[in-house]
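Beneath this line is the structure, given in structure tokens, with notes to follow.
The numbers here are math on the coordinates, done by the rules we state, and not lab data. Treat the numbers as computed from the prediction; the structure is a model and nothing was measured.
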Amino acid sequence: MTPQGSPWWRSTAFQWLLVTATIAAIGWALWSRRDDLATLGSISARTILLASLATIAAYYLAGWTIRLQAARFGARMTVLDAVLVGLATSTLNYLPMKGGTILQGAVMKVRYGVRLSEFAALITGNHLMSLWAIATVGGGFMAGMGIGGALGWVFLASPTMTLAVLFFVGRTRVGRPADRGEGASSRWGRSLEIAAEGMWSLFRDLPLLVWLSALNVAILVLQAVRLWLITADLGIPLGAGGAIVVASIAFLTQRFSFVPGGLGFREGGMAAGAAAVGMPASLGLAVAVVDRAVDIAWVLVLGLPASLYLSRLPSVAQEERRPEGGPL
């Protein structure tokens, strides 16, 4: 089968088609409301600078979430490594077909000795904790501000109940031989079982959960600060609570995106969030474009070099070499 006819090639082409269509749709929406877009010219350099600092700080904290979880599997990462991984993660997320996740897993395996099965557990735990922070904090502010009716209470309660169940199940699974990959007959079966046990090990570590919760909440607050700075410069009275609601809806929508980088999903979520707090949806979309521009600018300036730098560094893994045919 030729590469052009393979399912992988078709899926990749389809995702790039989605990216192109999404950018075209955003461009058309902005052009149709170009009066709102014209107001963005009044944003000051000081606001862009402060928004950039908030973006870089969010990258830094994202690296720390990975560093703490990687330590659970015995990987040693310095603070500088954590910053570089946070930058690289934000950059690689723009690749299609989850290519960023695959490359990130390869870097973590080669450089830090985190097995791919352990990385699968790490990335799953990271996504779940991020979803918990976004939905819980956003839902709390929605309920407190009377936005969305019962939806705010659903966002507030459901993730917390889910996290409590995961914590309880994780505590009850300690010491099961099959969870360490000993019950499966195939290499892939052992790898899947190790990945599952790795995830449960994250959720039964209460201090780790507390740290991850705090870091993910801080990341959400920094994302809200970015929006608040931009809207304040435009004379829009969004307020701190409104900024958190808009950021929560935008980034929760992005988490469920199947388009690289969440293109279109985050912008659409921000427009919906803006409408929920009383802003014109078209103005929310315009603000989302500025927010995305700041993000992409630092991805190009810092994230891309960080990704290349990490890929070229020698291994610092401390683990022993596993026997051939062992779990991934």
Which percent of Cα pairs goes in each bin when the distances of the range 203-257 are cut into 10 angstrom slices starting at zero?
23, 40, 27, 8, 2
Is the shape of the range 99-140 best called rounded, prolate or oblate, per the rule: a/c under 1.5 gives rounded, else a/b larger than b/c gives prolate, else oblate, with a ≥ b ≥ c the square roots of the Cα gyration tensor eigenvalues?
prolate
Roughly speaking, what is the centre-to-centre gap between the range 137-169 and the range 203-279 when only Cα atoms are used, to the nearest Å?
15 Å
